[in-house]
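Each remark here refers to the structure printed beneath this line.
The values are calculated or read from the model by the stated rules, or taken from the named source; none is laboratory data. Just so you know, these numbers come straight off a predicted model, no measurement behind them. Here Cβ is always computed from backbone atoms with ideal geometry, including for glycine, and neighbour counts include all displayed protein chains. Side chains are part of the model used for accessible areas, which takes the heavy atoms of the whole protein and leaves out ligands, DNA and RNA. Shrake-Rupley method; radii C 1.70, N 1.55, O 1.52, S 1.80 Å.
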Amino acid sequence: MIARINSVFVGKNEVVVQVMAALLAGGHVLLEDVPGVGKTLLVKALARVMGGDFRRIQFTSDMMPADVVGGMVWDGKRGELVFRKGPLMANVVLADEINRTPPRTQSALLEAMEERGVTADGETMRLPKPFMLLATQNPLGDDGTYP
């Protein structure tokens, strides 16, 4: 798997090895690097070699927990509320600029990471297995960032 990822994400073997170690340990990763060095490419390649679903969430200051978890929406054909899955319902999730989103939304991510599930409308749903969240963050001095 490492060799396959290194064939598209060239020059950062140590990062690939550390990400794979986190995957095998059931952990998550915070990627810190300057823009444009291939963090998204790395995460997409990881999902592809795993054979899993990939989702990317671009965080902004106005995001709410339901934007990442999902929520109940009206299905006119069925005449009932149905749960619409959010982007957290994937095997590999890239949380881009995680510290630009408010603490309540960060809390939903922490629940997913720790509990391997999400709560929406009072109901807890399990995340797919395996599940790994890889996040990027901006320096704390940047405008619009939260600790």
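For first residues located in region 57-72 and over 9 Å from Thr101 (Cβ atoms), partners that are part of a helix (DSSP H, G or I) and lie 6+ apart or on another chain with Cβ distances below 6 Å form the pairs Pro65/Arg104; Pro65/Thr105; Pro65/Ala108; Val69/Ala108. Starting from residues that are more than 22 Å from Met89 (Cβ to Cβ) and under 17 Å from the mean Cα position of the chain (by Cα), keep the ones in region 34-53 and report whichever is most open to solvent (accessible area, probe 1.4 Å). So, considering only residues that are more than 22 Å from Met89 (Cβ to Cβ) and under 17 Å from the mean Cα position of the chain (by Cα), the one most open to solvent (accessible area, probe 1.4 Å) is Leu41.
The single condition among (1) open to solvent by 20 Å² or more (accessible area, probe 1.4 Å); (2) modelled with pLDDT of 95 or more that Leu94 does not meet is (1). Screening Leu134 with (1) under 27 Å from Val34 (Cβ atoms); (2) open to solvent by 10 Å² or more (accessible area, probe 1.4 Å); (3) not polar (S, T, N, Q) gives one miss only, at (2). Output yes when any residue across region 61-76 is in contact with an Asp or Glu (Cβ under 8 Å, 6 or more places away or on another chain), hydroxyl-bearing (Ser, Thr, Tyr) and surrounded by fewer than 21 Cβ atoms within 10 Å (Cβ to Cβ), and no when none is. Checking region 61-76: not a single residue is in contact with an Asp or Glu (Cβ under 8 Å, 6 or more places away or on another chain), hydroxyl-bearing (Ser, Thr, Tyr) and surrounded by fewer than 21 Cβ atoms within 10 Å (Cβ to Cβ).
Of the numbered conditions (1) surrounded by 13 or more Cβ atoms within 10 Å (Cβ to Cβ); (2) farther than 17 Å from Met113 by Cα, Val29 fails exactly one; give the number of that condition. Failed condition: (2). Answer yes or no as to whether Val68 is within 29 Å of Val15 (Cα to Cα) and outside any loop (DSSP other than H, G, I, E, B). Against the criterion (within 29 Å of Val15 (Cα to Cα) and outside any loop (DSSP other than H, G, I, E, B)), Val68 qualifies.
May I ask you to verify whether Arg56 is open to solvent by 30 Å² or more (accessible area, probe 1.4 Å), outside any loop (DSSP other than H, G, I, E, B) and farther than 20 Å from Gln106 by Cα? No.
Just one residue in the set Arg126, Arg116, Arg104 is in contact (Cβ under 8 Å) with a residue 12 or more places away in the chain, open to solvent by 40 Å² or more (accessible area, probe 1.4 Å) and more than 15 Å from His28 (Cα to Cα); that residue is Arg104. In region 4-26, the residues that are of a type in the set (Lys, Arg) form Cβ pairs under 9 Å with partners that are not in a loop (DSSP other than H, G, I, E, B), at six or more places apart or across chains, as follows: Arg4/Ala45; Arg4/Arg48; Arg4/Val49; Lys12/Asn6; Lys12/Leu42.
Residue count for region 27-53, restricted to those that are at pLDDT below 90 and part of a loop (DSSP other than H, G, I, E, B): 7. Within region 8-26, which residues are open to solvent by 80 Å² or more (accessible area, probe 1.4 Å) and modelled with pLDDT under 90? Listed by number, the list holds a single entry, Val10.
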